Amino acid sequence: MKSVQDIIVKPIITENSMAMIADKKYVFEVASDATKPEIAKAVEEMFKVDVKCVNTINMKKKPKRMGYNAGYTKAWKKAIVTLKADSKTIEFFDGMM
């Protein structure tokens, strides 16, 4: 069984994701093999909130160059977690605003 820390890799802090916080939507990078129910359970356990739904996006690798060297960024999975209206907010993101 995977632990909560194995499922949720890190939060995504961008201008667009910070604007979504007003709608109680939070963005995380998650493990590539994590399912929606696993992600919902992990967020509920880690932050003590009630999850309404989870949307996932598989981000593809992109070609990048650094001078002569060429390579790719890593492929990863993004999860947009929507909380229920009566749920409390995630305190970690409150300090960012």
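The values are calculated or read from the model by the stated rules, or taken from the named source; none is laboratory data. Everything numeric in this text was worked out from a predicted model, so none of it was measured. FYI the Cβ positions are ideal-geometry reconstructions off the backbone, even for glycines, and counts take in every protein chain you see. Surface accessibility is based on the protein's heavy atoms, side chains included, excluding ligands, DNA and RNA. Shrake-Rupley method; radii C 1.70, N 1.55, O 1.52, S 1.80 Å.
Just for segment 2-20: of the residues that are assigned to a helix (DSSP H, G or I) and aliphatic (A, V, I, L, M), which one is most open to solvent (accessible area, probe 1.4 Å)? Talk me through it step by step, then tell me what you get.
Step one: filter segment 2-20 for residues assigned to a helix (DSSP H, G or I), giving 4-7, 15-20.
Of the ones still in play, those that are also aliphatic (A, V, I, L, M) are 4, 7, 18-20.
Numbers: V4: 25, I7: 11, M18: 34, A19: 65, M20: 43 Å².
The qualifying residue most open to solvent (accessible area, probe 1.4 Å) is A19.
So which of K61, K78, K84 ends up being open to solvent by 100 Å² or more (accessible area, probe 1.4 Å), at pLDDT 95 or above and of a type outside the set (F, W, Y)? Give the steps one after another, and end with the answer.
Numbers: K78 fails: open to solvent by 100 Å² or more (accessible area, probe 1.4 Å); K84 fails: open to solvent by 100 Å² or more (accessible area, probe 1.4 Å).
Exactly one of K61, K78, K84 is open to solvent by 100 Å² or more (accessible area, probe 1.4 Å), at pLDDT 95 or above and of a type outside the set (F, W, Y), namely K61.
Do we find that A79 is within 15 Å of K2 (Cβ to Cβ) and in a strand (DSSP E or B) in this structure? Full working, then the answer.
Values: within 15 Å of K2 (Cβ to Cβ): yes; in a strand (DSSP E or B): yes.
Against the criterion (within 15 Å of K2 (Cβ to Cβ) and in a strand (DSSP E or B)), A79 qualifies.
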On the given criteria, is E38 in contact with a helix residue (DSSP H, G or I) (Cβ under 6 Å, 6 or more places away or on another chain) and at pLDDT 95 or above?
yes
Among residues of segment 37-54, those that are closer than 11 Å to K78 by Cα and part of a helix (DSSP H, G or I), counted
1
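When you scan segment 1-25, how many residues do you find that are touching a helix residue (DSSP H, G or I) at 6+ places or on another chain (Cβ under 6 Å) and under 17 Å from W76 (Cβ atoms)?
The qualifying residues number 2.
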Checked segment 8-35 for anything among the basic types (K, R) and closer than 14 Å to L83 by Cα; matches are K24, K25
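Go through segment 13-47 and report how many residues are among the basic types (K, R) and closer than 15 Å to D94 by Cα. Give the steps one after another, and end with the answer.
So in segment 13-47, the residues among the basic types (K, R) come out as 24-25, 36, 41.
Next, from what is left, pick out any that are closer than 15 Å to D94 by Cα: 24-25.
The qualifying residues number 2.
Among the residues of segment 6-23, write down those that are of a type in the set (D, E, K, R) and more than 12 Å from the chain's Cα centre (by Cα). Break it down into steps so the answer makes sense when it comes.
First, the residues of segment 6-23 that are of a type in the set (D, E, K, R): 6, 10, 15, 23.
Across segment 6-23, the qualifying residues are D6, E15, D23.
Can you report the number of residues in segment 21-36 which are surrounded by fewer than 16 Cβ atoms within 10 Å (Cβ to Cβ), assigned to a helix (DSSP H, G or I) and touching a residue at least 12 places away in the same chain (Cβ under 8 Å)? Write out each step before concluding.
Just the residues of segment 21-36 that are surrounded by fewer than 16 Cβ atoms within 10 Å (Cβ to Cβ), to begin with: 22-23, 29, 32-33, 35-36.
Now narrow it down to the ones that are assigned to a helix (DSSP H, G or I): 22-23, 36.
Going one step further and asking which of them are touching a residue at least 12 places away in the same chain (Cβ under 8 Å), we end up with 23, 36.
The total comes to 2.
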